[in-house]
1. If Leu152 satisfies all but one of (1) surrounded by fewer than 16 Cβ atoms within 10 Å (Cβ to Cβ); (2) modelled with pLDDT of 90 or more, what's the number of the condition it fails?
2. Take Gly134 and tell me if it is on the phi > 0 side of the Ramachandran plot and out of contact with any Ser or Thr (no Cβ under 8 Å at 6 or more places or on another chain).
3. One residue is enough: does the range 39-58 have a residue meeting the conditions assigned to a loop (DSSP other than H, G, I, E, B), under 16 Å from Ile104 (Cα atoms), under 16 Å from the mean Cα position of the chain (by Cα) and at pLDDT 70 or above?
4. Look through the range 259-275, keep the residues that are over 18 Å from Ile205 (Cβ atoms) and out of contact with any helix residue (DSSP H, G or I) (no Cβ under 8 Å at 6 or more places or on another chain), and return whichever of them is surrounded by the most Cβ atoms within 10 Å (Cβ to Cβ).
5. In the range 99-122, which residue that is within 13 Å of the chain's Cα centre (by Cα) and of a type in the set (Lys, Arg) is modelled with the highest pLDDT?
6. Whether any residue in the range 266-273 is of a type in the set (Ser, Thr, Tyr) and part of a helix (DSSP H, G or I) is what I want to check.
Amino acid sequence: MEQKALDRLLDEIRETDVFKEYEQAYAEVTKLPLFLRSTDPDKIIPEVIDNEHEFCAFMRKHNDSCKTCMHLGQQHPDKQEILKQVCFAGIHVAAVPIKINKEIFGYLQTGEVLLEKPTNGKLDKSTKQLLDWGIKLDKNQLEMLLESGPVLSPKQYEAVIKMLEIFARHISELAARISVIPEMSEPDSIRKSREFIRENSDERISLDQVASVANMSASHFCRVFKKATDMNFSEYVARVRIEKAKNMLLESNYTMTHIAFDTGFNSVTDFNRTFKKITGETPSSFRKVSTTN
């Protein structure tokens, strides 16, 4: 999917009740900032962040590097993993990747927390760094700012990140469902074609059939459908089938063979290959991991 489409998907997720409820609960329990951000390093962090650490708020006004310090992806070559960073003053931030199938499209970012109270030596070193940057903040003022925020033990901080990992998986599932749901702003022809695919995904569906539903030629339909969904016809059909298969894997004890044919695949081999291509894991491992969480 293109970056514009991924960012639009993030906006849709931010407006869901699921995300808003989690965001509120997370803030009440941890007192830490949390926001869902793009993978695009040019996207600046919000001007106003709930529960922002007073030291971080001060630094964002006085130092350009602190305005973008939470774009952790720029400093990490392996962006598939949880991104972590600690600043010169000992403030920790972390970002958990969120994927739609195998593609990272955003991060759940949190942090702005100390994992230990600053020592005199650390305060002296941090004060000197500030002076080198031309920021006049004495040791006592720095200490007051740093101690205004939460201090967690390393074990507590890892537990917080684990919470985000679990929610990130939920958001990934939500994103996968949203990506195959027709949008109200779409042309009727595309919305009808999506609905036809969803209602008939367990049967053989040809491009000509769906183009006919949209009252278009096959070539014209392909262009319009790709523009509206950021997916080609065959990819969309596969994703609809995989979403149905996910639900069956979680909510039933049906065999892989039963699920494969019930979701429109020609063989178990085709089902397994498509499932892994889209989700990054096999149907068996998906069922095992999801039912144990």
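The values are calculated or read from the model by the stated rules, or taken from the named source; none is laboratory data. These figures come from a predicted structure and were not determined experimentally. Counting neighbours? That spans all protein chains shown, and the Cβs are built from the backbone with ideal geometry, glycine included.
1. (1)
2. Details: on the phi > 0 side of the Ramachandran plot: yes; out of contact with any Ser or Thr (no Cβ under 8 Å at 6 or more places or on another chain): yes.
In short, yes.
3. yes
4. The extreme case among them is Arg273.
5. Looking at the filtered set, the residue picked out is Lys99.
6. Quick first cut of the range 266-273, residues of a type in the set (Ser, Thr, Tyr) only: 267, 269.
From the residues that got through so far, the ones that are part of a helix (DSSP H, G or I) too are 269.
Yes.
Okay, residues lined up against (1) outside any loop (DSSP other than H, G, I, E, B); (2) among the charged types (D, E, K, R); (3) surrounded by fewer than 16 Cβ atoms within 10 Å (Cβ to Cβ):
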position: Lys125; (1), (2), (3): yes, yes, yes
position: Leu145; (1), (2), (3): yes, no, no
position: Tyr157; (1), (2), (3): yes, no, no
position: Lys162; (1), (2), (3): yes, yes, yes
position: Ser201; (1), (2), (3): no, no, no
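Conditions (1) modelled with pLDDT of 90 or more; (2) closer than 22 Å to Glu103 by Cβ, marked per residue:
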position: Val240; (1), (2): yes, yes
position: Glu251; (1), (2): no, no
position: Phe261; (1), (2): yes, no
position: Gly264; (1), (2): yes, no
position: Ser267; (1), (2): yes, no
position: Arg273; (1), (2): yes, yes
